[in-house]
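Engineer: Quick one: structure below, then a few questions.
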Amino acid sequence: MLKILFLGKNCKDYCKRYGNKRPKLEFTCDNSSCDCQVLHKHGCFWRIAVTKRRQSKLPIYRWRCPVCGQTISVLPDFLVPWGHFVTPVREAALKRRQLGQSFKKIATGVACAAVGGIHPKTVKRWWIRYLSKAGDTALWVAAELIRSGIDEDLLRSHFRGVNPSPLDTVRWLFSLAQRYLHILGLNPSPLRGCFSFLNTMLPAPLWL
Ligand SMILES: [Zn+2]
């Protein structure tokens, strides 16, 4: 099982903190027959993380239940399981697409040749994945806003009386996410974006 947690504001910070030692975290097994057994340290594996200009190899730490064998690996919040590029780079690419830029132009803008560049098809893949998830993720954020006391018709800001396009849904998710961060008193820098933070809160199937 994977978890995403804040473990440093970027690759460099993470390496400084946890390059040689694991984070002091404790997990209990969620398997009901394990009776909240505390998980043991269980080594690490290495993950490539690519930023706009650099590529690094980061240790990803694992924990394991001595009773049932279930493992937990903890990704820093700037990584997701399905890509090498860090989340703020993907988010920047998706924001450019939302504004109508071509995949080719985005590809040359978000990654330098020093990290091997990026293929426009990769950006397209991110975009398709984003469109397919935006609706469910937006509903999750809307539910959190309602839970926090927002008392207005959030769906209306999406539909506006017509059938929303996938792009409308992406815009809706973006505006909901901004409000959510605002309510939590967070104002992430444009460099960090908001996906990294959201991924620490979202259930795994909705990770952005
Ligand atoms: Zn267990």
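The values are calculated or read from the model by the stated rules, or taken from the named source; none is laboratory data. Model, not experiment: these values are computed from the prediction. When we count neighbours, we look across all protein chains shown, and the Cβ atoms used for this are built from the backbone with ideal geometry, even at glycine.
Engineer: Just name the residue that is nearest to the ligand (Cβ to nearest atom) out of those in region 47-88 that are of a type in the set (Gly, Ala, Ser) and in a loop (DSSP other than H, G, I, E, B).
Structural biologist: Out of the qualifying residues, it is Gly69.
Engineer: Within region 14-44, count every residue that is part of a loop (DSSP other than H, G, I, E, B) and touching a Cys at 6+ places or on another chain (Cβ under 9 Å).
Structural biologist: Residues meeting the conditions: 9.
Engineer: Would you check if there is a residue in region 28-50 being touching a Gly at 6+ places or on another chain (Cβ under 7 Å) and free of Cβ contacts under 8 Å to residues at least 40 places away in the same chain?
Structural biologist: Within region 28-50, the subset touching a Gly at 6+ places or on another chain (Cβ under 7 Å) is none.
Checked against the condition, which is being touching a Gly at 6+ places or on another chain (Cβ under 7 Å) and free of Cβ contacts under 8 Å to residues at least 40 places away in the same chain, region 28-50 yields no hits at all.
Engineer: Name the residues in region 21-46 that are of a type in the set (A, V, I, L, M, F, W, C), within 23 Å of the chain's Cα centre (by Cα) and within 16 Å of the ligand (Cβ to nearest atom), would you?
Structural biologist: Matches in region 21-46: Phe27 only.
Engineer: State yes or no: is Val110 of a type in the set (Val, Ile, Thr) and either free of Cβ contacts under 8 Å to residues at least 12 places away in the same chain or closer than 16 Å to Leu198 by Cβ (or both)? Write out each step before concluding.
Structural biologist: Working: of a type in the set (Val, Ile, Thr): yes; either free of Cβ contacts under 8 Å to residues at least 12 places away in the same chain or closer than 16 Å to Leu198 by Cβ (or both): no.
Criteria not met by Val110.
Engineer: Kindly establish whether Gln101 is surrounded by fewer than 17 Cβ atoms within 10 Å (Cβ to Cβ) and at pLDDT 95 or above.
Structural biologist: In short, yes.
Engineer: So which residues in region 93-107 are farther than 20 Å from Leu206 by Cβ and small (Gly, Ala, Ser)?
Structural biologist: Gly100, Ser102, Ala107
Engineer: A follow-up question, please. Conditions first: (1) surrounded by 13 or more Cβ atoms within 10 Å (Cβ to Cβ); (2) in contact with a Leu (Cβ under 9 Å, 6 or more places away or on another chain). Ala204 passes all but one, so which condition is the exception?
Structural biologist: (1)
Engineer: Hey, Gly117 hits all of (1) surrounded by fewer than 20 Cβ atoms within 10 Å (Cβ to Cβ); (2) over 25 Å from Leu173 (Cβ atoms); (3) within 16 Å of the ligand (Cβ to nearest atom) but one; which does it fall short on?
Structural biologist: (3)
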